[in-house]
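Undergrad: First, the structure itself, so that you have it in front of you.
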Amino acid sequence: MRLVAVSIVKNEADIIEAFVRHTFVWVDYHLIFDHDSTDGTREILGQLQKEGLPLTLFSDDAPGHLQQFRSNHLSRLAAQDHGADWVVPLDGDEIFCGPDRSLLEKCLNDLDSGCSASLPLLDYLTTTDDDPSLVNSVERLRYSRPQPSSTRKILIPRPLALDGTVSAGKGNHALQRGAEILPDRPLPADFHLAHLAQRSPQHQFLRVVRAELQRQSRGRAATGLDLHYRLGYQLLAENPSLFFDTVNRTPSGLALRPIPYRGGPLKYTDTHGWERVVRGLLPYLEELATSHGKLADRLGYDIAAPTGTGFAIRELAANEQSLLAAKRKTTGSTFIGFTALDGWSPVEGPVAEAFLPPFHWGYAPATHLIVHSREAGEASLFAEILTYSDEQSIRAELNGQPLLQHNFSRINQKKSIHCPLRLIAGENQLVFHYSQCLVTSHDPRKLAVIFLALEISGVRLP
């Protein structure tokens, strides 16, 4: 049986050599499309090719989101030009795991050639217990989620790879013929893909910054794309320490499950810490700046010095948010000054893949809080709220009186809210009302918003 892997990669210099060498334990040939890597990925692939490994490299000059078109094209080539009985689509951060190739071939032989095979992803995370001296990411990352994710990847049999009416959807999670999703058959539970999407704080930095800048630079054409990186970008811009703490978590709640790496020693991979970030990011930033300069030329943008009229110099007021942020550093808490009655979840997180530090859900229809104060007086509310539903509106009341209202324009929008509070002596009722919520089959809770912080300061404690 002939197995051929196909991959689309971009800026994977820290893992690409280990990925390729390990994958060749499972396949006979590898077709790899490099999408304009600038961090050394392409150079490493070239060295592996010169070494004599059976792989072919591809690239093109087309802009835009064409990943799946490219992947489907390589799958056709794998069957047509390289005699693949089965095509194995793999991302550069997916490490094939299982007993051995002979058992894999037996399992594939037992399947109907008109049906794809599938296997799950097991997500690995960066932790504080990782050994930074290990250059090989596959050996360094040892902690995974306790259970595989619901996401599965497919292996494509030759007849379907050659069928021009069949294509793989985004991410190679399923085959489809037109609008029809074709069935697949799962491989035995011994087989899975170790998913190393979060390999180091530096890798997450590069991934988040490039994705969010790329999304913003495309304007309306990128509406709805990669929104999940927005929170990570905001967190990185506002509180880098918290960003790195979030993506480099303690192993509590994870499973110690070292990956059986079978690819042999690495020859071309360096440590790829911040040097890789610089190489991966600066060419893209120069490309953005050059594009902006050309646009400025077309628009006749004038950067001449102002004449001194038509603008005013103003004094900056004390920044309440920065004061509260400083206070959080000293108290160690982002949720203080209140007692939750209902509509408020226990603390969750951190969730590194979503760039979420510890947080609380606000449940629809409302979150009810009590603020205790020994005497009447002024206090202050500070909240960081992240939307989870489209067209969300939040309305807050204090002791039955309107306090504030905010309408969010999109999902995954984070808003910092500052508001003075006029407290009465005793119990104060603080209520957040939500216009929208989301209930799913895997989470029946009425999820409205995520509270990243909620602090009541200046309270006269009983």
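The values are calculated or read from the model by the stated rules, or taken from the named source; none is laboratory data. Given the structure is predicted, the values throughout are model-derived calculations rather than measurements. With ideal geometry, Cβ positions are generated from the backbone for all residues, glycine too; neighbour counts draw on all protein chains shown. Heads up: the accessible areas ignore ligands, DNA and RNA and are worked out on the full protein's heavy atoms, side chains in. Shrake-Rupley method; radii C 1.70, N 1.55, O 1.52, S 1.80 Å.
Undergrad: Tell me, in nm to one decimal, what length is gained between SER393 and LYS415 on full extension, where the rule is 0.36 nm per residue of separation less the Cα-Cα distance? Mind dumping the intermediate values first?
TA: Details: separation 22, 0.36 × 22 = 7.92 nm, distance 1.18 nm.
Separation in residues times 0.36 nm, less the Cα-Cα distance, equals 6.7 nm.
Undergrad: Quick check for you: with a 1.4 Å probe and neighbouring chains kept, what is the accessible area per residue of the stretch 1-110, in Å²? Could you put the intermediate results ahead of the total?
TA: Numbers: 3970 Å² over 110 residues.
Heavy-atom SASA per residue in the stretch 1-110 reads 36 Å².
Undergrad: Among the DSSP beta bridges whose two residues both lie in the stretch 102-200, what percent are antiparallel, rounded to the nearest 5?
TA: Here the share of antiparallel DSSP bridges comes out near 60 percent.
Undergrad: Between LYS106 and THR339, what length comes free when the chain is fully extended (0.36 nm per residue of separation minus the Cα-Cα distance, one decimal in nm)? Mind dumping the intermediate values first?
TA: Working: separation 233, 0.36 × 233 = 83.88 nm, distance 5.92 nm.
Between LYS106 and THR339, full extension yields an extra 78.0 nm.
Undergrad: Here is a follow-up. Which whole-Hz couplings ³J(HN,Hα) result when phi for each residue of the stretch 16-33 is put into the Karplus expression 6.51 cos²θ - 1.76 cosθ + 1.60, θ = phi - 60°, listed in order with x for Gly and Pro?
TA: With coefficients 6.51, -1.76 and 1.60, one gets 4, 5, 4, 4, 5, 5, 5, 4, 5, 5, 9, 10, 9, 8, 9, 9, 10, 9 Hz.
Undergrad: Keeping the other protein chains in place, figure out the carbon and sulfur percent of the accessible area of the chain, with a 1.4 Å probe. List each step's numbers first, then the result.
TA: Values: 12080 of 22470 Å².
Exposed carbon and sulfur together represent 54 percent of the surface.
Undergrad: A further question follows. With both partners inside the chain, how many of the DSSP beta bridges are antiparallel, as a percent to the nearest 5?
TA: Numbers: 67 of 90 bridges.
Percentage antiparallel, nearest 5: 75.
Undergrad: Next question, about the same structure. Roughly what would the spin-label model give for PHE69 and SER241, points 7 Å off Cα along C-beta, in nm?
TA: Reported label-point gap for PHE69 and SER241 is 4.7 nm.
Undergrad: What's the ranking of 4-11, 198-205, 174-181 by average number of surrounding C-beta atoms within 10 Å, highest first?
TA: Numbers: 4-11: 24.5, 198-205: 22.4, 174-181: 12.6.
Highest mean packing first, the order is 4-11, 198-205, 174-181.
Undergrad: From the residues VAL351, LEU386, LEU187, which one has its Cα farthest along the dipole of the chain in the positive direction, the dipole being from +1 and -1 charges on Cβ of Lys/Arg and Asp/Glu about the Cα centre?
TA: Selected residue: LEU386.
Undergrad: In addition: How many nm is it between the label spots at LEU213 and LYS50, if each spot is 7 Å from the Cα in line with the beta carbon?
TA: Between LEU213 and LYS50, the label points sit 3.0 nm apart.
Undergrad: Could you go through the stretch 419-431 in sequence order and give the Karplus-derived ³J(HN,Hα) for each residue, using 6.51 cos²θ - 1.76 cosθ + 1.60 with θ = phi - 60°, rounded to whole Hz, and x for Gly and Pro?
TA: In residue order, the calculated couplings are 7, x, 10, 9, 8, 9, 5, x, 8, 10, 8, 10, 10 Hz.
Undergrad: Another question, then. Pairs of Cα atoms under 8 Å, at least six residues apart: use those to get the relative contact order of the stretch 100-203, whole percent.
TA: Working: 158 pairs, mean separation 39.6, N = 104.
Taking the mean separation of contacting Cα pairs over the length of the stretch 100-203, I get 38 percent.
Undergrad: Expressed as a rounded percentage, what relative contact order does the chain have, with Cα pairs under 8 Å and six or more residues apart?
TA: Values: 905 pairs, mean separation 65.7, N = 462.
Rounded, it is 14 percent for the chain.
Undergrad: How far is helix 320-331 tilted, in degrees, relative to the longest principal axis of the Cα atoms in the chain, given as a value from 0 to 90 rounded to the nearest 10?
TA: Orientation of helix 320-331: about 70 degrees from the principal axis.
Undergrad: If you don't mind, there's one more thing I want to ask. In the structure displayed, which of LYS414/LYS446; LYS153/LYS267; LYS50/LYS106; LYS153/LYS414; LYS294/LYS415 lie more than 27 Å apart, Cα to Cα?
TA: On the way: LYS414/LYS446 19 Å; LYS153/LYS267 29 Å; LYS50/LYS106 33 Å; LYS153/LYS414 32 Å; LYS294/LYS415 33 Å.
Listed pairs above 27 Å: LYS153/LYS267; LYS50/LYS106; LYS153/LYS414; LYS294/LYS415.
Undergrad: Over the stretch 1-122, what is the percentage of antiparallel beta bridges among all DSSP beta bridges, to the nearest 5?
TA: Numbers: 0 of 14 bridges.
Counting DSSP beta bridges with both partners in the stretch 1-122, the antiparallel share is about 0 percent.
Undergrad: Compute the helix-to-body angle for 201-217: its Cα long axis versus the longest principal axis of the chain, expressed 0 to 90° and rounded to tens.
TA: Taking Cα atoms only, the helix is inclined about 80 degrees.
Undergrad: In deg cm²/dmol, rounded to 500, what helix-only [θ] at 222 nm does the chain give when every DSSP H run of at least 4 residues adds -39500 (n - 2.57) and the total is split over its residues? Could the numbers behind the result be given before it?
TA: Numbers: 11 runs with 124 residues, N = 462.
Per the formula, -8000 deg cm²/dmol.
Undergrad: So if I place +1 on the C-beta of Lys and Arg and -1 on the C-beta of Asp and Glu, and nothing else carries charge, what would the dipole magnitude of the stretch 129-275 be about its Cα centre? I want it in debye, nearest 20.
TA: Details: 20 positive and 14 negative charges, 90 e Å.
Result for the stretch 129-275 is approximately 440 debye, rounded to the nearest 20.
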